[in-house]
Amino acid sequence: MKQILTWFVIALLIGACKPSEPPPEPPPSKSIVTLGNPTSPKKALVIGNSQYKHKPLENPQNDATDMANLLAEEMDFHVIRALNLESREMKKVISDFHKLVANTPDVEEKVGLFYFSGHGARSNRNKNYLLPIDNGTIRSDYDLRKKAFQVNGEIVKPLEADNNGANIIIADACRDNPYEGSTRTGNRGLIPISPPSSPPQKGGTVIAFAASEGEVADDGPQRNGLYTKHLLAKMKELKNDSIERVFKQVVEPVVEESKGSQNPEYRSSLTKKYCLRACLKNPKINHL
């Protein structure tokens with residue numbers, strides 16, 4: 001009888017460890033899909049890299065999925081969503097995006113938006129790089145230049161050349177120790193960069209980073225990273241207000257939730273007010 005009771009107690013304990021609901025579906029793996037309105041002059045490339053060979057991350061593929069859906073479904077963007085890209089794949093999708101923007105007719109509503117969530121690194125020469133998932137072969141600054149993607153040289157400048165409308169670059173990419181050759185005592189986070197001044201006939205550029213120089217962006221147990229979680233909320237709330245106000249309003253909740261350890265930054269050379277959906281014609285609205 002005593003043995004039967006023992007097995008009964010063990011069975012109860014095992015049963016208590018089983019989830020009461022079926023496990024959630026696994027997050028999307030490697031994929032490149034297009035979403036939204038292909039005739040829209042608003043083009044976006046949204047990349048989320050989670051499945052890194054060195055230091056995989058929890059949030060980026062969810063960040064990119066949610067960002068792409070929001071832009072396509074609520075902001076009338078034509079979106080390329082790309083998840084878990086190796087270097088050669090990332091190179092091609094970035095090149096294809098530049099061509100897509102360049103071939104889009106110049107109209108007042110034209111915009112090129114680039115969003116990346118994943119590992120970012122800063123070289124010893126203070127250049128910012130976005131990393132593909134095959135970062136296991138990156139050991140040095142030389143490898144960064146060959147196998148990763150420089151934000152200014154390969155993202156910002158080509159978009160400015162391709163697009164006379166507004167350009168928006170967002171990097172939630174300030175994780176720590178992003179490749180095997182890096183250390184926690186080295187350069188941490190991305191260094192903020194300012195877009196060059198734009199002539200009146202061009203829309204200009206805004207560049208937003210999830211954290212300030214020397215800081216690390218949160219990659220935690222929630223569905224989204226700390227910055228992207230609040231960015232998505234502000235984009236929905238302020239879709240008819242200026243993009244600069246969106247980025248400004250994101251700062252306070254991120255700083256508050258991180259207890260001051262993460263301070264988002266943005267810098268802008270936009271020559272006119274740009275809104276993600278459509279600007280409200282209300283002179284009382286302060287777009288900053």
Checking L231 against (1) part of a helix (DSSP H, G or I); (2) free of Cβ contacts under 8 Å to residues at least 12 places away in the same chain, the condition it does not meet:
(2)
Select from segment 250-276 the residues that are within 19 Å of L71 (Cα to Cα) and either surrounded by fewer than 17 Cβ atoms within 10 Å (Cβ to Cβ) or among the hydrophobic types (A, V, I, L, M, F, W, C) (or both) and write down the one among them that is modelled with the lowest pLDDT.
K273
Among the residues of segment 73-85, is any surrounded by fewer than 18 Cβ atoms within 10 Å (Cβ to Cβ) and aromatic (F, W, Y)?
no
With respect to P192, is the statement that it is at pLDDT below 95, in contact with a strand residue (DSSP E or B) (Cβ under 6 Å, 6 or more places away or on another chain) and surrounded by fewer than 19 Cβ atoms within 10 Å (Cβ to Cβ) true?
yes
Whichever residue in segment 136-172 is in a helix (DSSP H, G or I) and in contact with an Asp or Glu (Cβ under 8 Å, 6 or more places away or on another chain) and, among such residues, is farthest from Y52 (Cα to Cα)
K147
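The values are calculated or read from the model by the stated rules, or taken from the named source; none is laboratory data. Bear in mind that the values here come from a model prediction, so they are computed numbers and not experimental data. Virtual Cβ from ideal backbone geometry, glycine too; neighbours counted across all protein chains shown.
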